[in-house]
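The values are calculated or read from the model by the stated rules, or taken from the named source; none is laboratory data. Everything numeric here is computed off the predicted structure, so don't read it as measured data. Ideal geometry is used to build each Cβ from the backbone, glycine not excepted, and the neighbour counts take in all protein chains shown. With ligands, DNA and RNA removed, areas are computed over all heavy atoms of the protein, side chains included. Shrake-Rupley method; radii C 1.70, N 1.55, O 1.52, S 1.80 Å.
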Amino acid sequence: MSTNYTKIALIAACSLICACKSTKKIYEVPQDTRAYKGKAPAAPPGMVYIPAGTIFERAPHTDSTDVDTASTRRVSLTAFFIDATEVSNKQYRKFVDWVADSVAVTDYIKDPKFFVETKIKAKGKGGKDTTIKKINWSKIDLNAKVPFWQNPEYLPKLTALVKDVAGKKALTSKLVKFTYRHVQAGGPNEGKSVVDTVEVMPDNNVWAQDFPNSQSDIYVNNYFTNKAFDQYPVVGVNWKQARAYSNWRGIISGSQDANIKDFGLKFNLPTEAQWEYAASGGENNAESIVGSVTAQTNVNVLPSYINKKSKKNLVLANFKQGEGSYTKDGATYTLPVKSYAPNVFGLYNMQGNVAEWTLDAYSPSAREFVEDNDPVLLYDAPDNDAEVMKRKVVRGGSWKDNASELNTATRNFETQGTAHSYIGFRCAMSAPDILTEQVKTRKRIEPKKSKTPKTPKVTASAN
């Protein structure tokens with residue numbers, strides 16, 4: 001080695017030693033978890049923290065008297081948050097009003113006072129600065145009794161957006177659209193960021209369409225708009241609308257725990273596995289998926305209680321008890337989202353009331369090829385795709401279903417652009433796992449060695 005190279009090597013080594021002695025640490029020594037006290041992070045408003053665990057998945061409609069190992073498997077999930085209740089009419093109406101206000105301000109009113117401009121400097125020489133114009137929401141009272149799109153001052157400019165129906169102001173559904181970006185799953189644009197535009201108004205006519213020979217006018221005309229139904233689960237919402245709502249919720253949510261924000265977590269629909277894990281009570285879910293699913297009321301499947309006066313065993317779920325029998329559970333159609341008792345996680349109506357959209361695309365054999373750790377089957381089908389490609393998993397059963405549909409192992413599907421009077425949804429969000437007592441560092445305790453008994457001496461004797 002030459003003298004110059006030797007000097008360079010010595011200088012580099014000296015610099016590294018000096019740096020290590022400086023106050024700025026280059027190498028951090030790993031710390032143990034001895035002092036760590038596990039604590040669940042604060043959940044976003046209206047949500048519940050579900051700790052990581054393993055679920056015993058069972059193929060639906062199998063004979064419960066004998067566990068068929070070929071039809072079962074275990075699946076592990078990391079922690080997540082999930083809504084304690086189904087999304088209500090009032091919550092979804094806030095979404096509709098927000099989108100309608102956006103459309104009114106941007107496409108029709110166009111008053112500069114409702115906008116704020118932000119300049120973005122060009123990168124590199126010769127580039128031009130760009131100006132982004134966004135709605136100044138501080139100028140719009142989102143908590144007003146009457147939504148902004150009904151403001152009499154601006155109604156003359158909103159004749160295309162707002163119309164009179166039976167003396168009430170109503171929105172033109174086709175114009176109330178929400179545009180958002182997401183990463184495409186499947187298809188020619190897989191993995192790319194794409195823009196999706198969704199009409200967000202629920203379809204009020206689902207009550208008449210689902211039951212054409214039934215008297216349903218009161219629900220068609222009132223279910224989504226009348227305040228009497230504020231706390232009832234929103235229906236008439238398809239899978240794409242449910243995902244759009246989840247995305248919007250992330251936009252307007254400003255009250256998340258700071259630690260959660262650091263993870264960049266987003267609201268979405270729960271995966272099928274997350275939904276089943278939450279509905280069945282986590283790792284101790286064996287009792288919720290056994291028992292004959294053909295029985296009208298199965299206490300192994302549905303929560304129940306004993307009435308002190310009548311001594312009757314009453315089921316705590318909103319479902320169809322038999323042919324033409326809807327009212328024995330306390331309601332004919334849907335019930336408020338906080339009806340009955342919550343399950344062990346504090347979740348309401350995971351079984352019955354309304355069935356719920358999940359994030360997964362539907363495949364009869366999905367369990368054969370999805371992962372056994374945080375499984376999900378994602379596929380964003382374009383609207384012109386084949387019907388079979390647009391199927392999404394629906395779980396939980398509804399007010400119009402028999403008990404077998406409420407079993408936590410039962411899987412159903414509907415196409416992503418179809419809405420019904422018996423399908424709603426709730427939101428979910430990934431969550432950071434918490435460390436438990438088990439993983440703390442501690443002194444290794446060697447097992448005590450068992451003492452080998454001494455072999456007695458055998459003395460030979462002469463005969």
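Just one of the numbered conditions (1) open to solvent by 30 Å² or more (accessible area, probe 1.4 Å); (2) farther than 23 Å from A79 by Cα; (3) modelled with pLDDT under 65; (4) small (G, A, S) is not true of A228: (3). In summary, P375 fulfils each of the numbered conditions (1) open to solvent by 40 Å² or more (accessible area, probe 1.4 Å); (2) more than 26 Å from G236 (Cβ to Cβ) with the single exception of condition (1).
Per the listing A355, A381, A366, A386, the residue uniquely under 16 Å from the mean Cα position of the chain (by Cα) and closer than 30 Å to V183 by Cα is A355.
Within the range 341-367, if we keep just the residues that are among the small types (G, A, S) and over 19 Å from N268 (Cβ atoms), the residue that is surrounded by the fewest Cβ atoms within 10 Å (Cβ to Cβ) turns out to be S365.
Got at least one residue in the range 119-139 being open to solvent by 30 Å² or more (accessible area, probe 1.4 Å) and either modelled with pLDDT of 95 or more or under 30 Å from A355 (Cα atoms) (or both)? Looking for residues that are open to solvent by 30 Å² or more (accessible area, probe 1.4 Å) and either modelled with pLDDT of 95 or more or under 30 Å from A355 (Cα atoms) (or both), one finds none in the range 119-139, hence no. Just to be sure, is S339 modelled with pLDDT under 90, of a type in the set (S, T, Y) and within 25 Å of the chain's Cα centre (by Cα)? So S339 does not fit the description; no.
Residues in the range 168-220 that are open to solvent by less than 30 Å² (accessible area, probe 1.4 Å), of a type in the set (S, T, Y) and outside any loop (DSSP other than H, G, I, E, B): Y180 alone.
Scan the range 124-138 and report the pairs whose first residue is of a type in the set (D, E) and whose second residue is surrounded by 10 or more Cβ atoms within 10 Å (Cβ to Cβ), with Cβ atoms within less than 7 Å and a gap of 6+ or a chain change. Hits for this filter: D129/A122.
In the range 154-167, of all residues being part of a strand (DSSP E or B) and touching a strand residue (DSSP E or B) at 6+ places or on another chain (Cβ under 8 Å), the one that is surrounded by the most Cβ atoms within 10 Å (Cβ to Cβ) corresponds to V162. Pull up the range 81-118, narrow it to residues that are open to solvent by 80 Å² or more (accessible area, probe 1.4 Å), more than 27 Å from the chain's Cα centre (by Cα) and among the charged types (D, E, K, R), then point me to the one that is nearest to G281 (Cα to Cα). Among those that are open to solvent by 80 Å² or more (accessible area, probe 1.4 Å), more than 27 Å from the chain's Cα centre (by Cα) and among the charged types (D, E, K, R), it is D107.
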